[in-house]
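No value in this document is a laboratory result; all are computed from the given coordinates. These numbers come from a predicted model, not from an experiment. Virtual Cβ from ideal backbone geometry, glycine too; neighbours counted across all protein chains shown.
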Amino acid sequence: MTYLAQNLTHGGRELIAFRIGDQEFCVNVMSVREIRGWTPVTPLPHAPSYVLGVLNLRGAVLPIIDMSARLGMKPAEPTVRHVIIVTQARNRVVGLLVEAVSDILTIKDENIQPTPDVSSEFERTFARGILAIEGRMICLIELEAVFPHSESEAA
Amino acid sequence: MDMNEIKEIFFQECEEQLAELESGLLRLNDGDRDPETVNAVFRAVHSIKGGAGAFGLDDLVSFAHVFETTLDCVRSNKLEPNQEVLKVMLKSADVLADLTNVARDGGSVDQARSKQLIRELEALANGTPMPTASAAPAAAAVAKPKPAAPVAAAPAAAPAANDQGFMPVAFSFDDFGGDEPEAAELPTYDVVFKPKSDLYTKGNEAALLLRDLSRLGEMSIHCDMSSLPPLDELDPEAAYFWWKVSIKTDKGEDAVRSVFEFAEWDCDLEVSKAGGGSTVVESDLPMQPVPFDLSALDDGADATVGMAEEDDNLAAAQRDEAVAAAETASNVLQMAGNASRAASENAKSAAAAAAQNNAQQGASAAAPTIRVDLDRVDRLINLVGELVINQAMLSQSVIENDANGTSSINMGLEELQQLTREIQDSVMAIRAQPVKPVFQRMARTVREIADITGKSVRLVTEGENTEVDKTVIDKLAEPLTHMIRNAVDHGLETPEKRLAAGKSAEGTVKLTAKHRSGRIVIELSDDGAGINREKVRQKAIDNDLITADANLSDEEIDNLIFHAGFSTADKVSDLSGRGVGMDVVKRSIQALGGRINISSKPGHGSTFTMSLPLTLAVLDGMVVTVAGQTLVVPLTAIVETLQPEAAAIHSFGATQRLISIRNSFCPLVDVGRILNFRSTQANPVEGVALLVESEGGGQRALMVDAIQGQRQVVIKSLEANYTHVPGIAAATILGDGRVALILDVDSVVSASRGQSLQHEASLAAAG
């Protein structure tokens, strides 16, 4: 049995960590479809500021979210060094623009600490826990909360 | 393959049979007296009955059975298929379709209607003249026996369904060797049923056939197992058993034989009439001595006579036992055989039987077809879409890197381009279906509405083999139904008025389809009174749609009926005129990328013309640039393009600007501003104006910066991964691999009228 499988069977999980500014975040690796470089997007009219636009992902129209803006930080200025994490939640596929992918972590559920009780929009909406790994603090993100709301939810 | 899948196949076949049935009946209605047409109709009903029986759909079986009996009278020339008869039959076909749908999707049918039709059908079968569509005297008419056939069996007088759901059918015994049996003496038939292995391979089941047989009457049964080899020598797929049955029935030999109809070619079947109790029958049917094993019979008596005289209870008990034994026996065979294979073969049974039926009777040789999941086709279409985009991207980068354009790469690319085009066309052709099924549904709509309104209507269809994408067909049915209802309810006059106007009492509604310049054009015309322009105008004034002194052309008045909440019917009827009228029709046609027009001649009728794209997967668009972004405007929306001159632009109020085109003023709409691509209005003189026509019928000039050209683009959904974007219909991928947005002209135009896109957008963003 591989190390990974062993870990998974013991309640472990794999996370992919990425960097925005000086902060680190992570999402479940199972929801990541691929990681690709930045290419210019087609802006969408009347989109929220964190939706940069849409990209052609092998024929599918992929909306791109600026994670920095989405998490309430200053909007990113995309460069070729930026990275798009293509993620899937339920039936929707969305690309997340981040500065860099930093790590792949294998952790157990008990390593995840609850988010500290700070009264911020960010904490309530997106954060699902924090991890302390080698002196770093990594915030676990709830992917579906990040996705742009669909119309049916808005109505 | 589980039972549900098998059932699904049965229902798919039902649909085909129903279509066949209806088109056959319509051909008969048009005076076709080809026996093959009658046969085809009969076969369709028969196949449905057979399949339904296998699934225990009793309602369907009992109705189909009565229908079939009546059709048999037509087939044997006992009943002349005149208009009245066909009217009942067409209605019966509708009920049969309803029953099939109910069997599949649940729900309930109009029991009164089907009961009434059963009575009408039986009356026809009995040759009793009866007033159609009159409910009350139906039962009485059935009960009154026809003088020429005094032996119409007793149950016919009480048309109540028995516990099997079968309606008793009156039966004339004139055919049976002139023998008129007295009351209780039922004729006995000896049946020897020897299945061949093929019977099981085709999914038939001896036990089920025998059970069906047992429904005909009292029956005793004997299973011969003598040829069963020891287990180790047993071929699990071979047939070893055969049955000897003696049955007392008043249904006649034909009924007995028809039980085995689907199995006929896969078994040795002998049916002979035995001595019927005390009366010695001089039957002219051949009496063949049948070899069978008597050892298992308790008394060893002469079965041909003995069985018939046996005590009722004993016979019944024996019958049950024997059926159980038969079931067990065939279960053994099935278990020994490959279960899954047997199941899948089972699924084909109806198809196989129907096919064999066709082959045997030398019916029309249809081109071979296969059933494919729509999902698979769609996946293929998507992939080909990718291929087209990829090919365009490749061409573009080759052109960019190789300016002289003479290299062999370029030649190869051109060939590739042709091939991809061809592949795309062929793949699209897979989805293309004839509009026939929709048109046939309309025939039914016309019948029903004609019935309700008391008008006499004939539907003429033309070009029903015109092909169009399946999605378009599916979405076409609803608006078309609505329009047909309107045409019959509002368009056509009552027979009296028609006669007074010097027309024939029967109104005609004509439905045609044809291809015209890459689109499908569907026309619906009636020969009714035409649009009453005075009334329409008055109504529009009443509803504040136009001012009292508005100067409108005839065409403009006609088009008023497409406005929301418009109905000229004096009273609100069940059929139409509930305020959701032609505006809904127009919107659904437009949602399909189509246009609808009306032309009307007072006294001569109206014609609706719909022009629809052949597919919803690709679209002809004009590629334009707006504020540095590339957009695609659907070509169908564009009336003309023009380069505005400074002199033609007039300011109107604070922000509005109008452009004068041939002395009429048309509002200018800056697309870049509406879509929030720029914060200030662009200078119209530097751009291009696209004159578009929108939902409300009004024209607008859409300002864009430049036109790049016309292109066929593959439509991609934005909603799949994102949400609906106001002002944008969908997206596409251009040759350079970038996503371009397809403009939703209607929503842009309505936004320019003041209904803000921004409002919608902020709602969506607020979540």
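Here are some notes:
- In Hz, Karplus ³J(HN,Hα) per residue of the range B:393-400 (6.51, -1.76, 1.60; θ = phi - 60°; x = Gly, Pro): 5, 4, 4, 4, 6, 5, 4, 5
- Stokes-Einstein D (µm²/s) once Rh is taken as the Kirkwood radius of the range B:374-432 over alpha-carbon pairs, at 20 °C in 1.002 mPa s: 173
- Exposure proxy for B:I742, A:I112: other Cβ atoms within 10 Å of each Cβ, ordered fewest to most, give A:I112, B:I742.
- In a DSSP loop and with at most 14 other Cβ atoms within 10 Å, the trypsin sites (Lys or Arg not before Pro) in the range B:1-110 are B:R33, B:K78.
- Long pairs among B:K78/B:K273; B:K7/B:K91; A:K74/B:K716; B:K115/B:K273; B:K436/B:K497, criterion Cα-Cα beyond 29 Å: A:K74/B:K716; B:K115/B:K273; B:K436/B:K497
- Computed FRET value (nearest 0.05) for B:S227 with A:D22, which takes r as the C-beta separation and R₀ as 56 Å: 0.05
- FRET efficiency, 1/(1 + (r/R0)^6) with R0 22 Å, evaluated for A:E110 and A:A89 via beta carbons: 0.35
- Proximity of backbone amide H atoms, modeled 1.01 Å from N, is registered between A:S102 and A:A17, A:F18, A:R19 at under 5 Å, excluding neighbours fewer than 5 places apart on the same chain.
- The range B:434-500 - convex hull of alpha carbons, volume per residue in Å³: 74
- 14 Å beta-carbon shell around B:K503, net charge (K/R +1, D/E -1): 0
- In loop segments of the range B:628-705 as defined by DSSP, the trypsin sites (Lys or Arg not before Pro) with at most 10 further C-beta atoms inside 10 Å of their C-beta are B:R662.
- In order through the range B:719-732: 3J(HN,Hα) via Karplus (6.51 cos²θ - 1.76 cosθ + 1.60), integer Hz, x for Gly, Pro: 5, 4, 10, 10, 10, 5, 10, x, x, 10, 7, 6, 10, 8
- Here's how it looks for A:T87: its modeled amide H is under 5 Å from those of A:R33, A:V94, A:G95, A:L96, which are all 5 or more places away or on a different chain.
- Cα principal axis extents for chain A, largest first, Å: 46, 39, 33
- Loop-resident sites, the range B:580-665, for chymotrypsin sites (Phe, Trp or Tyr not before Pro), counting at most 10 other Cβ within 10 Å (DSSP): none
- Taking label points 7 Å from Cα along the Cα-to-Cβ direction, B:D554 and B:S517 give a separation of 2.4 nm.
- Summing +1 for each Lys or Arg and -1 for each Asp or Glu among the other residues whose beta-carbon sits under 14 angstrom from that of B:D554 gives 0.
- For B:S600, A:S31, B:S664, order by how many other beta-carbon atoms lie within 10 Å, fewest first: B:S664, A:S31, B:S600
- Cα centroid of the range B:24-78 to Cα centroid of the range B:242-259, whole Å: 21
- Listed from fewest to most Cβ neighbours within 10 Å, the set B:S750, B:S197, A:S49 follows the order A:S49, B:S197, B:S750.
- Legend: calculated FRET efficiency, B:R533 to B:R587, from the Cβ-Cβ distance at R0 = 22 Å, rounded to 0.05, equals 0.40.
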